[in-house]
Amino acid sequence: MKILTICPSLRKDSLNRKLLKLASTMSSVNGAKVEHVELKDFEMPLYSQDIEEKAIPANALALKQKMDEAEAIIISSPEYNFSVPGVLKNAVDWVSRTKPQPFRGKQILLMSASPSMVGGNRGLWSLRVSLEALGAHVYPDMFSLSLAHEAFNEKDELKDQKLNKDLEKLVSSFIVYVK
Ligand SMILES: Cc1cc2nc3c(=O)[nH]c(=O)nc-3n(C[C@H](O)[C@H](O)[C@H](O)COP(=O)(O)O)c2cc1C
């Protein structure tokens, strides 16, 4: 099984990227082949129907291609102002205009990391609404890492063993669900 991991954060020291790397390793342990992409490598103009009428940007088509090649997707997204970061929403909007629309029927696991106590969970609820509207099968359970700026050790592992076990359990049950 192939899983695509998507990091929407453009930040060099992104906490979400660290969390995603853990989920990626756990997916490999469960037998999945993982491909990782950074949204910063798929820069797109702000969505405009005028641009779309000329041509869908090459990077939107390239991202769609990556999605098509995977059975499942894991996204770990920052929460911006209680919602989805503009960069990610813009990418979803562009990709949603490609045909066949690649979110339809795609299995997706959502995660977030934030220095706050809520761990960015509210942003995931906004993201879930758009993805489900596009026909994605968003896994019911999500993982939000609170106080994420203090959560990792120097090897970028979770300091809290129970949280690590929770994440392992989530990733393995997601893979069983995708199968
Ligand atoms: C514009 C902006 C809005 C933010 N809004 C929230 C928020 O609503 N909730 C939250 O928990 N953190 C918020 N943050 C803080 C981010 O969670 C924090 O910067 C986090 O490290 C971003 O994820 P990253 O490390 O993967 O880039 C916001 C940060 C920015 C720049």
Rh by Kirkwood over Cα pairs, then Stokes-Einstein D for segment 2-178 at 1.002 mPa s and 20 °C, µm²/s | 131 µm²/s
If you put +1 on each Lys and Arg Cβ and -1 on each Asp and Glu Cβ, how big is the dipole of the chain around its Cα centre, in Debye rounded to 20?
-> 260 debye
For segment 24-109, with every protein chain kept in place, what is the accessible area per residue (1.4 Å probe, Å²)?
-> 52 Å²
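Keeping all protein chains in place, calculate the accessible area per residue for segment 135-174 (probe 1.4 angstrom), answer in Å². Don't skip to the end; give the middle numbers.
On the way: 2310 Å² over 40 residues.
It amounts to 58 Å² per residue over segment 135-174.
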Of the accessible area of segment 31-77, computed with a 1.4 Å probe and all protein chains kept, carbon and sulfur make up a percent value of 51 percent
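Considering only Cα-Cα distances, which of the following residue pairs are longer than 24 Å: Lys66/Lys155; Lys2/Lys64; Lys2/Lys169; Lys12/Lys159?
Beyond 24 Å: Lys66/Lys155.
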Straight-line reach from Lys106: which aspartates and glutamates have Cα under 18 Å away, leaving out those fewer than 8 places along the same chain?
-> Glu35, Asp68, Glu69, Glu71, Asp93, Glu132, Asp141
Given a cut-off of under 8 Å on Cα pairs at least six residues apart, what relative contact order in percent is computed for segment 2-178?
-> 24 percent
Measuring from centroid to centroid over Cα atoms, what is the spacing of segment 70-136 and segment 152-177 in Å?
-> 20 Å
Classified through the alpha carbon gyration tensor (a ≥ b ≥ c as square roots of its eigenvalues; rounded if a/c is under 1.5, else prolate when a/b is larger than b/c, else oblate), segment 1-94 comes out oblate
Rounded to the nearest 10 Å², the accessible area of His149 using a 1.4 Å probe with every protein chain kept is 110 Å²
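The values are calculated or read from the model by the stated rules, or taken from the named source; none is laboratory data. For clarity, every value in this text was computed on a predicted model and none was experimentally measured. Neighbour counts run over all protein chains shown; Cβ positions are idealised from the backbone, glycine included. With ligands, DNA and RNA removed, areas are computed over all heavy atoms of the protein, side chains included. Shrake-Rupley method; radii C 1.70, N 1.55, O 1.52, S 1.80 Å.
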